[in-house]
Amino acid sequence: LDADLPTILAEFPDDPIVQAAKERFEGLRIVTEPVVPTLVSFILSAQMRIDRIHTLVTALRETYGDPIDWRGTTVWGFPGPEELAAATEADLRDLGLGYRAPYVNATAEMLVEGSVSLESVASMPYESAREALTEFVGVGPKVADCVLLFGMDFIEPVPLDTWIRTAIEEYFPEAERGSYTDTSRAIRDRLGPRPGYAQTYVFTHLRTGGGVE
């Protein structure tokens with residue numbers, strides 16, 4: 001809530017799809033989540049529906065997380081890297097993680113060992129940070145962009161998922177450059193000084209059936 005949303009929205013480009021998204025969802029904000037749950041959740045997101053991702057995250061919390069009393073109700077915190085690293089691949093598969101189980105296990109081990117430091121990543125320039133995150137098992141450029149945008153306060157990332165690629169195809173065709181890195185740079189240039197915020201509006205607008213009148 002500390003973000004200066006009026007200033008952010010005023011910096012959005014005049015492209016019709018961006019303005020349509022702003023008018024429809026004015027007030028939408030990016031919520032910064034704790035980085036480890038964000039990292040694990042997006043590793044789980046590959047080829048997965050949102051309700052299924054929620055089910056898997058809930059299973060991890062209730063199996064490996066600590067109980068928290070919230071207004072008389074027990075909820076479960078997200079487990080730390082130590083707990084996830086101690087789990088076996090078979091344990092994680094039993095929870096329904098499938099082929100993602102070794103990714104979560106290996107990434108947790110890397111966090112425990114410090115082979116990739118999230119603190120160091122947070123201080124890197126954006127593209128270097130994205131490259132560093134792809135060292136984690138199961139993390140490609142899109143997942144890395146999601147983690148940087150939603151878990152690490154970077155304003156540059158534009159995760160090239162299905163909805164943003166649709167936006168590029170229909171509204172920003174000149175931004176398609178054939179590779180993730182080059183297309184990412186081109187669409188960021190089109191979306192203004194805070195492209196991560198602009199893409200969040202466009203993503204939400206398209207995913208809920210919006211377009212340009």
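The values are calculated or read from the model by the stated rules, or taken from the named source; none is laboratory data. Remember, predicted model here, so these are calculated numbers, not experimental data. When we count neighbours, we look across all protein chains shown, and the Cβ atoms used for this are built from the backbone with ideal geometry, even at glycine. Ligands, DNA and RNA are excluded from the accessible area calculation, which covers all protein heavy atoms including side chains. Shrake-Rupley method; radii C 1.70, N 1.55, O 1.52, S 1.80 Å.
Ordered by residue, what ³J(HN,Hα) values in Hz, to whole numbers, does segment 168-176 give under the Karplus form 6.51 cos²θ - 1.76 cosθ + 1.60, where θ = phi - 60° and Gly and Pro are x?
So the Karplus estimates, Gly and Pro as x, are 5, 4, 8, 10, 10, x, 5, 7, 6 Hz.
Find, to one decimal place in angstroms, the Kirkwood hydrodynamic radius of segment 5-75, where the mean of 1/r is taken over every pair of different Cα atoms and then inverted. Write out the running numbers ahead of the final one.
Numbers: mean 1/r = 0.0644 Å⁻¹.
Answer for segment 5-75: a Kirkwood hydrodynamic radius of 15.5 Å.
Considering just Cα atoms, how many Å³ per residue does the convex hull of segment 74-142 enclose?
On the way: hull volume 7.9 nm³, N = 69.
Spread over its residues, the Cα hull of segment 74-142 gives 114 Å³ apiece.
Can you list residues whose amide H is under 5 Å from TRP76's amide H, if they're 5+ apart or on another chain and H is modeled 1.01 Å from N?
When sequence neighbours closer than 5 places are left aside, the close amide H contacts are ILE68.
Suppose we look only past 20 Å in the calculated P(r) of segment 93-213. What percent of the Cα-Cα pairs does that tail hold? Write out the running numbers ahead of the final one.
Details: 3473 of 7260 pairs.
Percent of Cα pairs beyond 20 Å in segment 93-213: 48.
Just going by the charge dipole of the chain, with Lys and Arg at +1 and Asp and Glu at -1 on Cβ, which of SER179, GLY151, ALA122 is farthest out on the positive end?
SER179
Which value, in Å², gives the accessible area per residue of the chain when a 1.4 Å probe is used on the protein heavy atoms?
Per-residue accessible area for the chain comes out at 51 Å².
Could you check the spin-label model distance between MET124 and GLU82? Points 7 Å from the Cα along Cα→Cβ, value in nm.
With each label placed 7 Å out from Cα toward Cβ, I get 2.6 nm.
Any chance you could run the full-extension gain for THR162 through THR73? It's 0.36 nm times the residue separation minus the Cα-Cα distance, nm to one decimal. Display every interim value, and only then the final one.
On the way: separation 89, 0.36 × 89 = 32.04 nm, distance 3.78 nm.
Gain on stretching THR162 to THR73: 28.3 nm.
What is the percent carbon and sulfur in the accessible area of segment 26-65, measuring with a 1.4 Å probe over the protein chains and ignoring ligands?
Accessible surface attributable to carbon and sulfur in segment 26-65 totals 54 percent.
Taking Cα atoms, how many degrees apart are the long axis of helix 101-113 and the longest axis of the chain, rounded to 10 and kept between 0 and 90?
Approximately 80 degrees, to the nearest ten.
Extending each Cα 7 Å along its Cβ direction at ASP182 and THR134, get the distance between those two points in nm, one decimal.
Between ASP182 and THR134, the simple spin-label model gives 1.5 nm.
To the nearest 10 square angstrom, what accessible area does THR7 show with a 1.4 Å probe?
The accessible area comes out at roughly 50 Å².
Quick one: what do you get for segment 142-184 if you divide its Cα Rg by 2.2 N^0.38 Å?
On the way: Rg = 10.7 Å, N = 43, 2.2 N^0.38 = 9.2 Å.
For segment 142-184, the normalised Cα radius of gyration is 1.17.
Just for the Cα atoms in segment 1-133, what are the lengths along the principal axes, largest first, rounded to whole Å?
Taking the Cα atoms of segment 1-133, the three principal extents are 51, 40, 29 Å.
Sum -39500 (n - 2.57) across every DSSP H segment of at least 4 residues in the chain, then divide by the residue count to get the 222 nm mean residue ellipticity, nearest 500. Write out the running numbers ahead of the final one.
Values: 13 runs with 124 residues, N = 213.
Roughly -17000 deg cm²/dmol at 222 nm, from the helical runs in the chain.
Under a Cβ-only charge scheme (Lys and Arg +1, Asp and Glu -1), can you give me the dipole magnitude of the chain about the Cα centre, in debye to the nearest 20? Intermediate results must be reported in sequence, preceding the final value.
On the way: 18 positive and 34 negative charges, 97 e Å.
It works out to roughly 460 debye.
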